[in-house]
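Comments concern the structure below.
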Amino acid sequence: MYEVIEEPIQVGAIFKGSKIKPRWFIWKRRKYPIRDVTFRWQDRKGEETLLYFSVSDGVNTYEICFNQKRLNWFLSKVSIEG
């Protein structure tokens, strides 16, 4: 089950051409390594393009988003196993 979060986060990512590969993120002063990017998709909110990534740290799944217009990241949802 997913919990909606919608909070800003810091993300370490590799930008290569038009491709983005998130490597880690910091949420509530804790650093989460990204082991897998399981899915990517794009959405729009008015004039803003939002790039979504479903990522895993090996235990839990997170949905993170990059706003291409504002150049910021946020944690959208969390699915905690256990």
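The values are calculated or read from the model by the stated rules, or taken from the named source; none is laboratory data. The shown structure was predicted, so the numbers you read here are calculated from the model rather than taken from an experiment. Cβ placement follows ideal geometry from the backbone for every residue including glycine, while neighbour counts extend to all protein chains displayed.
Taking the criterion of being of a type outside the set (A, V, I, L, M, F, W, C), farther than 18 Å from VAL4 by Cβ, outside any loop (DSSP other than H, G, I, E, B) and touching a residue at least 24 places away in the same chain (Cβ under 8 Å), would at least one residue in segment 20-29 satisfy it? Working first, answer last.
Going through segment 20-29, the residues of a type outside the set (A, V, I, L, M, F, W, C) turn out to be 21-23, 28-29.
Among the residues that remain, those that are also farther than 18 Å from VAL4 by Cβ are: 21-23, 29.
Okay, now just the ones that are also outside any loop (DSSP other than H, G, I, E, B), so 21-23.
When the remaining residues are screened for being touching a residue at least 24 places away in the same chain (Cβ under 8 Å), the result is 22.
Within segment 20-29, one or more residues are of a type outside the set (A, V, I, L, M, F, W, C), farther than 18 Å from VAL4 by Cβ, outside any loop (DSSP other than H, G, I, E, B) and touching a residue at least 24 places away in the same chain (Cβ under 8 Å).
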What's the number of the only condition in (1) under 16 Å from ASN67 (Cα atoms); (2) surrounded by 15 or more Cβ atoms within 10 Å (Cβ to Cβ); (3) not aromatic (Phe, Trp, Tyr) that GLN42 fails to meet?
(2)
Give me the pairs: first residue in segment 1-14 and loosely packed, with under 11 Cβ neighbours inside 10 Å, second residue part of a strand (DSSP E or B) and of a type in the set (Gly, Ala, Ser), beta-carbon distance under 7 Å, and six or more apart or on different chains, which are they?
MET1/SER79; GLU6/SER76
Taking the conditions exactly as written (modelled with pLDDT under 95 and of a type in the set (Phe, Trp, Tyr)), does PHE25 satisfy them or not?
no
From the option list PHE15, PHE74, single residue qualifying as part of a strand (DSSP E or B) and in contact with a Pro (Cβ under 9 Å, 6 or more places away or on another chain) is PHE74
For ASN72, are the conditions met, namely being closer than 16 Å to GLU3 by Cα, surrounded by fewer than 15 Cβ atoms within 10 Å (Cβ to Cβ) and touching a strand residue (DSSP E or B) at 6+ places or on another chain (Cβ under 8 Å)?
no
Which condition number in (1) under 24 Å from ILE80 (Cα atoms); (2) loosely packed, with under 13 Cβ neighbours inside 10 Å; (3) not small (Gly, Ala, Ser) is the one that ILE34 fails?
(2)
